[in-house]
1. List every residue whose amide H lies under 5 Å from the amide H of Arg184, counting only residues 5 or more places away in sequence or on a different chain, with H placed 1.01 Å from N in the peptide plane.
2. Region 223-332: which trypsin sites (Lys or Arg not before Pro) are DSSP loop and have at most 16 other beta-carbon atoms within 10 angstrom?
3. Between Glu66 and Glu168, how high is the FRET efficiency from 1/(1 + (r/R0)^6) when r is the Cβ-Cβ distance and R₀ = 56 Å? Nearest 0.05.
4. Assuming 0.36 nm per residue, please report the length gained on full extension of the stretch Val210 to Ala302 beyond their Cα-Cα distance.
5. For a quick check of your reading of the filter: which GluC sites (Glu not before Pro) in region 292-351 sit in a DSSP loop and have no more than 14 other Cβ atoms within 10 Å?
6. Among 170-178, 88-96, how do they line up from the highest to the lowest mean number of other beta-carbon atoms within 10 Å?
7. In whole Å, what are the extents of region 156-232 along the principal axes defined by its C-alpha atoms, from largest to smallest?
8. With a ≥ b ≥ c the root eigenvalues of the C-alpha gyration tensor of region 268-336, is it rounded (a/c under 1.5), prolate (a/b larger than b/c) or oblate?
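Readers should treat all values here as calculations from the given coordinates under stated rules, not as data from a laboratory. Just so we're clear, the structure is a prediction, and the values are computed from it rather than from any experiment. Counting neighbours? That spans all protein chains shown, and the Cβs are built from the backbone with ideal geometry, glycine included.
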Amino acid sequence: MDEAHALINPEHVEGVGQYGFATAFGPQAYHIMRSSVVSVFLMDVRQGFRDQENTTIPDLKRWAGELGVEVFEEVSLAGNQFRCAGSKEYTDWVEAFLGLSPQEPNTSAQNGPSIVTGSEAYQGTAFLAAEAPQAEYSGRDGQMVSRLFPLEIRLFGDPAQLEAGLREQIAKGNTARLLASYGRKWRTKGVPLPHSIPGHLKDFDEPYTVDGKAHRWSKIWNFLPNPSDYTHFVQAPLGSKMFEDPLSEVGCPYVVRGFDFDYVGLLWLSDLKWKRDRWAVDTEHVFESRVKRLTSAARNEAEQDGPAHLALLRATQEAYRILLTRPLEGLYIWCEDPETRLHLESSLKMT
């Protein structure tokens, strides 16, 4: 069972509800063990960011005892990183940057990124570069591009520019996906043909300016024609909009867990912001339906360092950790919040 941390345990209040199976019959993992000769559960509790994703290793051991199942071995895969082109240095940086590890982001020449900034004419795009004997010219305004860990990281001034960069990679035969956390309402939920509606009615309708002229960039959240058929999230079926254009929709953390893409375009929204010297969650920009209890409790707290705020902050950080660890070749980012972008630039030594 992969992603076993996401199994629902209705023995706890957060696991009670309607989730496509009868929770009255008990925990999902319990029935997997009961029905199997051998059960293997692959878990990363730090990817279980929803309320009902609440199965833990102690739960598994307790149910095994109740069923008389022998627990052969618990194997830790800590320190074995197979995502992000196998770059443990990059994933360590992600966790340190998000405040999910005790380490500070290391941006020294030996262990972290250096930066080569591009021409200001390209609307503030910057490139995260590795130490390299020679940098390569991209041919765009004389910008210099090299690689890190070996990921390439770029910051863009608007989402349209980010999409254009991803389309260049798709034209080269690479896979690419637009991703975002739950910082936008799912306005198109239940709309039969959401791709066909006007841009201002879509889930993402972002204003931006080029040469003094106003523009808008519009997309929908991941579309599921049949709510019970999740194969659309795994591989776009023939005839679907995502099959025709892999950048026609924006994916969320839930649908991309466990999957990798050559290039990821991340829309860093206002749910997670850098405020002076720390991360903060903006409860007015959290729209994940599966953390409603936690979001409601945080909104009712007077202090931003209250327990509900801190728990929601942690869940939001974990969601971004999922998104930031999907790319194999490159990560393209547009930041909605200016202070968060400046913090990212500073951490990557772009300033």
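1. Phe287
2. Arg276
3. On the way: r = 55 Å, r/R0 = 0.99.
My answer for the efficiency is 0.50.
4. Details: separation 92, 0.36 × 92 = 33.12 nm, distance 4.04 nm.
That works out to 29.1 nm of additional length.
5. On the way: sites: Glu301, Glu303, Glu318, Glu329, Glu336, Glu339, Glu345; in loops: Glu301, Glu303, Glu336.
Within region 292-351, the qualifying GluC sites (Glu not before Pro) (loop, at most 14 other Cβ atoms within 10 Å) are Glu303.
6. Ranked from most to least packed, the peptides come out as 88-96, 170-178.
7. 44, 31, 22
8. Numbers: a/c = 2.34, a/b = 1.75, b/c = 1.34.
Verdict is prolate for region 268-336.
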